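Data block below; observations after.
The values are calculated or read from the model by the stated rules, or taken from the named source; none is laboratory data. Note that this is a predicted model, so its numbers are computed, not measured. Neighbour counts run over all protein chains shown; Cβ positions are idealised from the backbone, glycine included.
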Amino acid sequence: MAVRTYLVTGGAGFIGSNYIHYMFEKYGDDIRIINVDKLTYAGNLENLKDVEDHPNYTFIRADVCDGEKMMEIFNENDIDRVVHFAAESHVDRSIKNPDVFVRTNVLGTLNLLNAAKAAWENEDGTFKEDKKFLHVSTDEVYGSLDDDGGYFYETTPYDPHSPYSASKASSDFLVKSYMDTYHFPANITNCSNNYGPYQFPEKLIPLMINNALQGKKLPVYGDGKNVRDWLYVADHAKGIDMVQEKGRLFETYNIGGHNEKQNIEIIYTILDCLREILPDDDPRKANISEDLITYVTDRKGHDRRYAIAPDKIKKEVGWEPDTMFKEGIRKTIKWYFEHEDWMKNVTSGDYQNYYESMYANR
Ligand code: NAD
Ligand code: DAU
C-alpha cells in the first residue's frame, strides 16, 4: 500500500496534536504527516514531543495566511489528505480582538482551499483521484439552543453570535462554495466542545483544574447554567478520520457524544475528582474547596446551550465515541495532575497578562 501523505494545519494545538498522536497510533508507518503551524500562543511543540523523531513526521512553521507558502508546500509534496485545524479558537479572545479571527479563520481557509485546488485540479476541471480536504469546524456556527430542548442537526440554519463563530461560519461557507462551484473534494465536520490532554488553560476545563490546584478562584460566567456538550478529544480525532475515509464526499457531519452538562456541574465534578485523585500528603489537596467558586460577569452574547445530534455520523459512518464523560474527565484530570511542568510552561509569560486582562475586573 502506498504511504498516504497528510497535511495537518494547526497540529501543534490542542485537537491537532491529539489527532496526530491518534493517527500515528492507528496507521504507524502507513502514513506521513506534515504539520503546518504558525505556533501562536496556542501552538506548542511540547504537545508533539513523542512524535517529533518519527521518520514520517515533518513540522513546518508557517502561517496559513501566507498563500505563497501554502502553494509551495503543495508543490513540494504530493499531498493526499488535508485536515485543517488551524484557527483562532477562543470565544473570549474573539470578543476582545475579532480581527485576527477573520484573518486566520477566513483568509487562512481560503488560502488552503486555493493551494489544494491548484495542486489537485486537472486541466478539464475534474480533480485527481483520492484527494480529500477536511475542514474542522464547530457546533457554535448553529447558534444557541433553549434550556428546554432541541438539537443541532446538519440541516440547522447557521446563526453564529460571537466573532469566533461568525468567522468559523464564514470559513464553512467558503468550503461549501468550493464544493458547490468546483466540485472540490471536501467534507466539513462540526463538533461540540472537546476536552482532554494538551488543552490550553484559557478553556473551561483546564483553567478550572489549574486554578483549583493552586487554590485560585474558579470564575463562573453568569449563572453557571450554560450547557455544553462535551466530547473526549480522541473521539473527535476518530470521527475526523472516519468521516474522511468512510463518509460521503461533499457532506457535512456533526460530531458529538450526547454529554450535555451545565458549567457548574463540570466544576463540581472537577473538584470531586481532584479530591479523589490527589494523594493525602499532596499539599495541593488542602486547596480543593467549593469556596473557590466565584460567580463573575457573564460573557457578552453568551450562547446558552449547545447539543449535537450525531445521528448522521453514527448511521452513515459507523462512528461511536469510546470514552464516556466519567472516565474521560478522570483521565483528563489525571493527565494535568501528572503534567505539572507542561502547565507551568504554558502559563509562564504572556498567560499571566492574558489572565489579568480577562479576569481582573470581572
Ligand atoms: P487551539 O487554539 O488549541 O489550536 C490552534 C492551532 O492553530 C495552534 O497550534 C496555533 O498555533 C495554530 N494556528 C493559529 N493561527 C494559525 C495560522 N495563522 N497559521 C497556522 N497555524 C495557526 O485550537 P483547538 O481547540 O485545537 O481547535 C482546533 C480546530 O478545531 C479549530 O478550527 C476549532 O475551531 C475547531 N474546534 C474546536 C473545538 C474545541 O472544543 N476546542 C470544538 C470544535 C471544533
Ligand atoms: O462548541 C465548540 C467550541 O467549544 C469550540 O468551537 C471552541 O473553539 C471552544 O473554545 C469551545 O467554546 P466555548 O466557548 O464553549 O468553550 P470555553 O471553554 O471557553 O467555555 C465553556 C463554557 O464555560 C462557556 O459556557 C463559558 C464558560 N466559562 C468559560 C471560562 C473560560 C466560564 O464560566 N468561566 C471561564 O473562565
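Structure notes:
- Which listed residue is hydroxyl-bearing (Ser, Thr, Tyr) and over 18 Å from the mean Cα position of the chain (by Cα), from Thr126, Thr104: Thr126
- Within segment 1-42, the set of residues being within 15 Å of ligand 1 (Cβ to nearest atom) and at positive phi comprises Gly10, Leu39.
- Segment 30-47 residues that are under 15 Å from Ser348 (Cα atoms), paired with ones that are acidic (Asp, Glu) (beta carbon under 9 Å, 6 or more apart): Thr40/Glu88; Tyr41/Glu202; Tyr41/Asp350; Ala42/Glu88; Ala42/Glu202; Gly43/Asp37; Glu46/Asp341
- Members of segment 139-193 that are assigned to a loop (DSSP other than H, G, I, E, B) and under 15 Å from Leu112 (Cβ atoms): Phe184, Pro185
- Number of the condition not met by Pro279 [criteria: (1) farther than 26 Å from Asp146 by Cα; (2) at pLDDT 95 or above; (3) more than 9 Å from ligand 2 (Cβ to nearest atom); (4) in a loop (DSSP other than H, G, I, E, B)]: (2)
- Condition met for Thr40 (touching a helix residue (DSSP H, G or I) at 6+ places or on another chain (Cβ under 9 Å), in a loop (DSSP other than H, G, I, E, B) and among the β-branched types (Val, Ile, Thr)): yes
- Candidate set from segment 104-138 (those that are in a helix (DSSP H, G or I) and among the polar types (S, T, N, Q)); member that is nearest to ligand 1 (Cβ to nearest atom): Thr104
- Matching entry among Ile333, Ile293, Ile308 (being among the β-branched types (Val, Ile, Thr), closer than 21 Å to Lys261 by Cα and in contact with a Ser or Thr (Cβ under 6 Å, 6 or more places away or on another chain)): Ile308
- Condition met for Ile209 (surrounded by 16 or more Cβ atoms within 10 Å (Cβ to Cβ) and within 9 Å of ligand 2 (Cβ to nearest atom)): no
- Number of residues in segment 43-82 that are within 14 Å of ligand 1 (Cβ to nearest atom) and assigned to a strand (DSSP E or B): the value is 4.
- Filter result (within 10 Å of ligand 2 (Cβ to nearest atom) and over 21 Å from Lys300 (Cα atoms)) within segment 224-235: Trp230, Leu231
- Residue check, Tyr221 within 14 Å of ligand 2 (Cβ to nearest atom), of a type outside the set (S, T, N, Q) and crowded, with 18+ Cβ neighbours inside 10 Å: no
- Check on Glu320, charged (D, E, K, R) and either under 27 Å from Arg93 (Cβ atoms) or surrounded by fewer than 16 Cβ atoms within 10 Å (Cβ to Cβ) (or both): yes
- Residue match in segment 280-287 (condition: crowded, with 20+ Cβ neighbours inside 10 Å and either touching a strand residue (DSSP E or B) at 6+ places or on another chain (Cβ under 7 Å) or closer than 28 Å to Tyr355 by Cβ (or both)): no
- If only residues of segment 16-37 that are closer than 21 Å to Ala2 by Cα, under 21 Å from the mean Cα position of the chain (by Cα) and outside any helix (DSSP H, G or I) are counted, the one that is nearest to ligand 2 (Cβ to nearest atom) is Asn35.
- Within segment 247-265, the set of residues being assigned to a helix (DSSP H, G or I) and either of a type in the set (A, V, I, L, M) or under 12 Å from Leu134 (Cβ atoms) (or both) comprises Ile264 only.
- Any hit, segment 148-159, residues being buried (at least 22 other Cβ atoms within 10 Å of the Cβ) and either under 26 Å from Asn111 (Cα atoms) or modelled with pLDDT under 95 (or both): no
- The residues of segment 1-38 that are at pLDDT 95 or above, hydrophobic (A, V, I, L, M, F, W, C) and closer than 27 Å to Trp120 by Cα, listed by number, are Val3, Leu7, Val8, Ala12, Ile15, Ile20, Met23, Phe24, Ile31, Ile33, Ile34, Val36.
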